[in-house]
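Below are the structure tokens for one structure; questions will follow.
The values are calculated or read from the model by the stated rules, or taken from the named source; none is laboratory data. Owing to the predicted nature of the structure, the values given are computational and were not obtained by experimental measurement. A quick note on method: Cβ atoms are made from the backbone with ideal geometry, for glycine too, and the neighbour counts reach across all protein chains shown. These accessible areas exclude ligands, DNA and RNA; they are computed on the full protein's heavy atoms, side chains included. Shrake-Rupley method; radii C 1.70, N 1.55, O 1.52, S 1.80 Å.
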Amino acid sequence: MAGSEASGVEAGDGLARDYAAARHEAELLAGGTGDLAQRALAYHHLFRHSGGGHAFPLLAAHGALWARGYFAWGGRAGAALSLAALHRPDLRRARRAGLAGFAEAFREINRRVFVEVYAGYRFTLAHGERAGAEAHLDPGLLDALNRCHRAGRRMRSLSPGERAHLFEACFRWEQRAVVAPAVAAAAAGFAWEPVRSLALRPSIRFAYMPRRETLHFADFADTDERIEKGLRAFAIAEAVGWGTVEARLSRYGALPAGFFAAAGTAFHATRARLLAGEPGPQRLPQPA
């Protein structure tokens, strides 16, 4: 093998190892499906690390913490509705198990999205400009993340237009590549009507949204509708201001007291604890 070819193979192997390391770290930080607050902590770190340019993680943190309350409400509602089958205990158990499985599928979607977003950010922070990086990330998303990192290295904030471009590149990719097939599978596997229909018509109002801006879904399984509502959530965030969007994370009651004063410390302590003693792929450098 010629020297240049060997160097190219070695470089490709190095990128693959570092991408595996980024995913390993993301899996650890994601925790279990119920660790929504832990994922919100890491999402918030990505937003701050990007200088506020990568807005998707901050809105995803709102989504994770909102879902925490929504799943709890759904469990209570399902238990109440299952009383209609009180005289048929087997059916009642099956319905409640189906609802629990449906909710767990959505928590797993939330977890998978986090893994993709965190791993993509960490990998591109280290290697986004290197030849071969496109083998590990969608090219459009890779370009948008590279612009974000480039701005950070130059101590420059992204413009509103650049921030919107990065959000849309990330959001559209994860909705079509990760969320769409998983939501379709979860919806198809849940046969309890009318609870299934009710669950797929949520009304979402994140803590930063004015009451009049509630996002009412006709069919959450519709990818185009999810994208439409997600872009609306971003537009509302731009209108109210990102400082407000960040501060309103406290309203879900899931983050520890004093979180914002020591968010970076909390993230790094959590990361260090989770990575301690892990024999996984070679780690990437410590994030800033």
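Taking the options Ala135, Ala188, Ala184, name whichever one is among the hydrophobic types (A, V, I, L, M, F, W, C), out of contact with any helix residue (DSSP H, G or I) (no Cβ under 6 Å at 6 or more places or on another chain), more than 18 Å from Arg107 (Cα to Cα) and open to solvent by 50 Å² or more (accessible area, probe 1.4 Å).
On the way: Ala188 fails: more than 18 Å from Arg107 (Cα to Cα); Ala184 fails: more than 18 Å from Arg107 (Cα to Cα).
Criteria check complete, one pass: Ala135.
Taking into account only those residues within the stretch 191-205 that are of a type in the set (Gly, Ala, Ser) and assigned to a helix (DSSP H, G or I), which is surrounded by the fewest Cβ atoms within 10 Å (Cβ to Cβ)? Walk me through it before giving the result.
As a first pass, look at the stretch 191-205 and keep what is of a type in the set (Gly, Ala, Ser): 191, 197, 199, 203.
This time we only want the ones that are assigned to a helix (DSSP H, G or I), so: 197, 199.
On the way: Ser197: 11, Ala199: 22.
Here the answer is Ser197.
Test of understanding: among Arg271, Arg232, Arg226, which residue is buried (at least 16 other Cβ atoms within 10 Å of the Cβ), within 25 Å of Ile109 (Cβ to Cβ), within 20 Å of the chain's Cα centre (by Cα) and modelled with pLDDT of 95 or more?
Values: Arg271 fails: modelled with pLDDT of 95 or more; Arg232 fails: buried (at least 16 other Cβ atoms within 10 Å of the Cβ).
Every option except Arg226 fails the conditions.
In the stretch 22-36, what residues are open to solvent by 30 Å² or more (accessible area, probe 1.4 Å) and among the hydrophobic types (A, V, I, L, M, F, W, C)?
Result: Leu28, single match.
Within the stretch 27-62, which residues are farther than 21 Å from Ile204 by Cβ and polar (S, T, N, Q)?
Hits for the stretch 27-62 are Gln38, Ser50.
Within the stretch 147-173, track down each residue that is more than 27 Å from Thr223 (Cα to Cα), assigned to a helix (DSSP H, G or I) and among the hydrophobic types (A, V, I, L, M, F, W, C).
The answer is Ala151, and nothing else.
Still on this model: Of these, Tyr70, Tyr43, Tyr19, which one is assigned to a helix (DSSP H, G or I), modelled with pLDDT of 80 or more, of a type in the set (Ser, Thr, Tyr) and open to solvent by 10 Å² or more (accessible area, probe 1.4 Å)? Steps first, answer last, please.
Details: Tyr70 fails: modelled with pLDDT of 80 or more; Tyr43 fails: open to solvent by 10 Å² or more (accessible area, probe 1.4 Å).
After ruling out the rest, the residue left standing is Tyr19.
I've got another one for you. Taking the stretch 257-268 as the region of interest, how many residues are crowded, with 16+ Cβ neighbours inside 10 Å and of a type outside the set (A, V, I, L, M)? Walk me through it before giving the result.
At the first step, the residues of the stretch 257-268 found to be crowded, with 16+ Cβ neighbours inside 10 Å are 259, 263, 266-267.
Then keep just the ones that are of a type outside the set (A, V, I, L, M); that gives 259, 267.
The total comes to 2.
Of all residues in the stretch 206-215, which are outside any strand (DSSP E or B) and buried (at least 18 other Cβ atoms within 10 Å of the Cβ)?
Here is the first cut: in the stretch 206-215, the ones outside any strand (DSSP E or B) are 206-214.
Selection gives Phe206, Tyr208, Met209.
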